[in-house]
Every structure is written in C-alpha cells, then in structure tokens.
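Participant: Quick one: the structure is below, questions incoming.
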Amino acid sequence: MLKSLKLLADPTRLRILHLLDREELSVADLQDLLGMGQSRISTQLSQLKTGGLVGDERSGKNNIYRSNMTPEVAGLARHAASELPESAKDLTALRHLVRKRQDRARRYFDQLAGRFGRDYVPGRSWKGLAEALLKVMAGGIVADLGAGEGTLSQLLAQRAEKVIAIDLSEKMVEFATALAAEHGIGNIEFRVGDIEAPPLDPASLDLAVFSQALHHAAHPQKAIDSAYRALKPGGRVVVLDLLTHSFEQAKELYADTWLGFGEGEVSAMLEKAGFTEIETAVVDREAESPNFQTLLAVARK
C-alpha cells in the first residue's frame with residue numbers, strides 16, 4: 001500500500017491510472033488523451049508496471065496497457081483523481097476515443113453490407129466453420145455474435161430451433177434480414193447490438209458463436225463474459241478467430257482492434273468467464289501471405 005500511495009502521489013501517473021481504470025490503452029492512445037510526449041508516458045507506465053499497478057500485453061507492434069489495481073487501490077485512485085482539474089477533460093477525451101473506435105468499426109461494416117460474402121475477410125475459413133459446426137451443432141437457441149451479413153446464421157438456422165443474430169451495424173442487420181427473407185428462412189431474428197453487451201436474456205441460449213468477431217471487440221473478455229451469462233447451464237460457446245499474427249495493416253484494412261489471439265489467451269478468457277471443458281485447435285492456415293491462421297475454441301458453461 002505504501003508503494004501504491006507513492007505512485008499515486010504523482011499527478012501524471014494518477015491521470016494515466018484514471019484512464020486505464022476504464023479502458024485498455026496503448027502509449028499512442030495515452031499521448032492523444034493526455035497531450036504528452038511518448039518518453040514521458042513510457043517512463044510513468046514503466047514505474048506503474050514495476051509497482052504492479054498496471055499490466056500490458058503485446059498486440060502487433062504495440063503494447064496495450066490495463067489497470068492491475070486492487071479494488072482498494074482503485075477506489076483510492078478514483079477519489080484522488082477527482083481532485084485533479086484535468087480529470088473531467090481526460091474522461092471526455094476518453095469517451096471521444098471510444099466513440100471513434102466504435103464508429104470506425106461501424107463504418108467499415110456498413111460499407112461491407114451487401115458485398116460481405118464476396119469480399120475477402122481474414123480468417124473466414126469455411127473449413128474452420130465446418131469443423132466448429134460439426135463439433136457442437138445440436139439444435140436449440142443459438143446466438144451468432146457479430147453476425148455480419150448473416151451467412152453463418154443461415155447455416156445455423158438449418159438445425160437450430162431459433163438463431164438470434166447480433167451485429168453492431170444497422171445497415172448490416174437490414175441487409176441480413178432482407179437476405180434471410182429472400183431465402184425463406186424464418187427462424188432467424190436479427191438484432192442491432194454490441195457483442196460486449198448483447199441484447200440477450202440471461203440463461204436463454206444453448207449455443208453462442210463468435211465467428212471472426214472477437215478481434216473487433218474493444219474488450220474481448222467482456223464479450224465472452226456476456227456470452228457466459230446468456231447461456232443456459234450446459235450451453236456451449238464457439239470462438240473462431242485469427243491466431244496471433246503481426247500483419248499490422250489489418251487494423252486499417254479490416255477495422256481489427258486486436259491482431260488475433262493465442263490459444264492460451266482465448267483459453268484464459270474462457271476460464272476467467274467460468275467456462276469448463278475448454279478445447280482449442282488451429283484449424284486452418286491460409287496459403288497466401290500473410291498466412292492467417294484460424295483458431296477454434298469450444299467450451300461449456
């Protein structure tokens with residue numbers, strides 16, 4: 001506690017912690033939010049990391065920082081930060097940054113509506129999808145989280161009692177709804193929503209599927225936690241996503257937030273949410289550069 005108090009006594013470190021307590025951020029994000037140079041922020045982050053108040057993980061060329069504060073220290077930091085004149089401005093800037101992230105992803109998928117099935121999407125492997133479906137498909141109520149144009153939802157609908165397809169883009173949902181109606185598929189319900197807080201009732205699903213959606217989430221753990229809450233006891237979750245890669249251009253080309261995930265990372269997120277019987281495998285590798293690989297994870301509530 002004494003070490004934490006010493007670290008909290010510096011206004012710059014306190015402002016950084018105040019932001020990281022709400023969002024995971026890179027050094028570049030913190031530069032934009034605080035209007036400070038990289039070296040100053042990196043120095044403060046190094047001290048906070050040494051003191052155990054922040055942690056980080058690699059995402060491509062960047063380190064993404066998050067708060068590691070205990071509830072007691074976090075409460076103290078929030079109280080202390082409220083006395084800083086810059087706090088309100090910092091939080092306003094943070095809300096703007098989060099909105100920009102969401103708007104960027106939404107614009108990308110709005111543009112794809114109507115041509116999504118014909119465009120290349122990294123990691124969208126029909127081989128991978130088939131392996132996932134063969135493992136877990138057994139009817140019931142299914143949620144396709146981050147459904148896009150609904151191609152997977154239509155496949156799931158062939159065996160499911162009902163499919164709830166959720167996507168952040170209103171235009172994508174409109175297109176997918178029309179496409180399902182055109183194909184005479186009546187057991188899909190499309191809903192606009194964020195996969196981190198999906199419009200789903202607790203304990204209402206038999207199966208939840210994330211197909212190339214998790215790496216678009218600002219907080220993947222929140223998305224997995226939400227899926228856990230929405231599943232019935234004994235329900236299953238499927239994650240199909242990119243294996244960790246270093247193709248930085250994916251962030252601009254495909255509005256990716258994360259450069260894939262390791263098998264261990266996905267397993268840890270599933271376990272933290274409460275899932276058991278966790279299985280992971282790399283189910284496909286693309287022949288063309290940058291040789292994206294598809295990760296499959298399956299678990300049970």
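Participant: Is there any pair with a first residue in the stretch 2-22 that is closer than 11 Å to Ala80 by Cα and basic (Lys, Arg) and a second that is open to solvent by less than 80 Å² (accessible area, probe 1.4 Å) and not in a helix (DSSP H, G or I) whose Cβ atoms are under 8 Å apart and which are 6 or more apart or on different chains, and what are they?
Facilitator: Arg15/Leu84; Arg15/Glu86
Participant: Is the stretch 165-173 home to any residue that is in a loop (DSSP other than H, G, I, E, B) and in contact with a helix residue (DSSP H, G or I) (Cβ under 8 Å, 6 or more places away or on another chain)?
Facilitator: yes
Participant: Out of (1) in contact with a helix residue (DSSP H, G or I) (Cβ under 6 Å, 6 or more places away or on another chain); (2) within 10 Å of Leu243 (Cα to Cα), the odd one out for Ala273 is which?
Facilitator: Unmet condition: (2).
Participant: Condition test on Ser59, is it hydroxyl-bearing (Ser, Thr, Tyr) and either in contact with a strand residue (DSSP E or B) (Cβ under 8 Å, 6 or more places away or on another chain) or open to solvent by less than 30 Å² (accessible area, probe 1.4 Å) (or both)? Even if it seems obvious, please write down each step before you answer.
Facilitator: Numbers: hydroxyl-bearing (Ser, Thr, Tyr): yes; either in contact with a strand residue (DSSP E or B) (Cβ under 8 Å, 6 or more places away or on another chain) or open to solvent by less than 30 Å² (accessible area, probe 1.4 Å) (or both): yes.
Judged against the criteria, Ser59 is a match.
Participant: Among the residues of the stretch 268-286, how many are modelled with pLDDT under 90 and part of a helix (DSSP H, G or I)?
Facilitator: Adding up the residues that qualify gives 1.
Participant: Going through Ser289, Ser246 one at a time, which residue ends up being in a loop (DSSP other than H, G, I, E, B), farther than 19 Å from Ser169 by Cα, in contact with a Leu (Cβ under 7 Å, 6 or more places away or on another chain) and open to solvent by 50 Å² or more (accessible area, probe 1.4 Å)? Break it down stepwise before answering.
Facilitator: Values: Ser289 fails: in contact with a Leu (Cβ under 7 Å, 6 or more places away or on another chain).
Result of the check over Ser289, Ser246: Ser246.
Participant: So in the stretch 262-281, with the set limited to residues that are under 18 Å from Ala250 (Cβ atoms) and of a type outside the set (Asp, Glu), which one is least open to solvent (accessible area, probe 1.4 Å)?
Facilitator: To start, the set of residues in the stretch 262-281 that are under 18 Å from Ala250 (Cβ atoms) comprises 262, 265-266.
Of the ones still in play, those that are also of a type outside the set (Asp, Glu) are 262, 266.
Working: Gly262: 17, Val266: 0 Å².
Applying the filter and picking the extreme gives Val266.
Residue-by-condition table, conditions (1) over 30 Å from Ile64 (Cα atoms); (2) open to solvent by 10 Å² or more (accessible area, probe 1.4 Å); (3) part of a helix (DSSP H, G or I); (4) without any contact (Cβ under 8 Å) to a residue 40 or more places away in the chain:
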position	(1), (2), (3), (4)
Leu179	yes, yes, yes, yes
Ile185	yes, yes, no, yes
Glu196	no, yes, no, yes
Asp201	yes, yes, no, yes
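Participant: Next question. How many of the residues making up the stretch 75-92 are touching a residue at least 12 places away in the same chain (Cβ under 8 Å), surrounded by fewer than 17 Cβ atoms within 10 Å (Cβ to Cβ) and either touching a strand residue (DSSP E or B) at 6+ places or on another chain (Cβ under 8 Å) or closer than 30 Å to Gln249 by Cα (or both)?
Facilitator: 1
Participant: Where the second residue is open to solvent by 100 Å² or more (accessible area, probe 1.4 Å) and not in a strand (DSSP E or B) and the first is hydrophobic (A, V, I, L, M, F, W, C) and lies in the stretch 158-172, which pairs have Cβ atoms under 8 Å and are six or more apart or on separate chains?
Facilitator: Taking only residues 6 or more apart or on different chains, not a single pair turns up.
Participant: Failed condition for Asp144, given (1) acidic (Asp, Glu); (2) surrounded by 19 or more Cβ atoms within 10 Å (Cβ to Cβ); (3) in contact with a Gly (Cβ under 6 Å, 6 or more places away or on another chain), with all others met?
Facilitator: In the conditions (1) acidic (Asp, Glu); (2) surrounded by 19 or more Cβ atoms within 10 Å (Cβ to Cβ); (3) in contact with a Gly (Cβ under 6 Å, 6 or more places away or on another chain), Asp144 misses (3) alone.
Participant: Hey, which of the helices (runs of 4 or more DSSP H) in the stretch 17-85, taking only ones fully inside, have at least 1 residues that are polar (S, T, N, Q) and within 23 Å of Trp258 (Cβ to Cβ)? Please lay out each step first, then the result.
Facilitator: On the way: elements: 27-34, 38-50, 71-81.
In the stretch 17-85, the matching helices (runs of 4 or more DSSP H) lie at 27-34, 38-50.
Participant: Based on what the data block shows, is Leu214 open to solvent by less than 50 Å² (accessible area, probe 1.4 Å) and within 14 Å of Val266 (Cβ to Cβ)? Steps first, answer last, please.
Facilitator: Working: open to solvent by less than 50 Å² (accessible area, probe 1.4 Å): yes; within 14 Å of Val266 (Cβ to Cβ): yes.
The answer is yes for Leu214.
Participant: To continue, here is another question. Only residues in the stretch 217-236 that are touching a residue at least 40 places away in the same chain (Cβ under 8 Å) and in a helix (DSSP H, G or I) count as the first member; pair them with residues that are aliphatic (A, V, I, L, M) and open to solvent by 10 Å² or more (accessible area, probe 1.4 Å), Cβ under 7 angstrom, at least 6 apart or cross-chain, and list the lot.
Facilitator: What qualifies is Pro220/Met269; Gln221/Met269; Ala223/Ile195; Ile224/Met269; Ile224/Ala273; Asp225/Ala273; Tyr228/Ala273; Ala230/Leu200.
Participant: Using the structure shown, decide if Gly234 is at pLDDT 95 or above and on the phi > 0 side of the Ramachandran plot. Steps first, answer last, please.
Facilitator: Values: at pLDDT 95 or above: yes; on the phi > 0 side of the Ramachandran plot: yes.
In short, yes.
Participant: Kindly list the number of the only condition in (1) in contact (Cβ under 8 Å) with a residue 12 or more places away in the chain; (2) under 19 Å from Arg13 (Cβ atoms); (3) not aliphatic (A, V, I, L, M) that fails for Lys61.
Facilitator: (2)
The values are calculated or read from the model by the stated rules, or taken from the named source; none is laboratory data. As the structure is a prediction and not an experimental result, all values here were calculated from the model. With ideal geometry, Cβ positions are generated from the backbone for all residues, glycine too; neighbour counts draw on all protein chains shown. Keep in mind that these areas ignore ligands, DNA and RNA; they rest on the heavy atoms of the full protein, side chains included. Shrake-Rupley method; radii C 1.70, N 1.55, O 1.52, S 1.80 Å.
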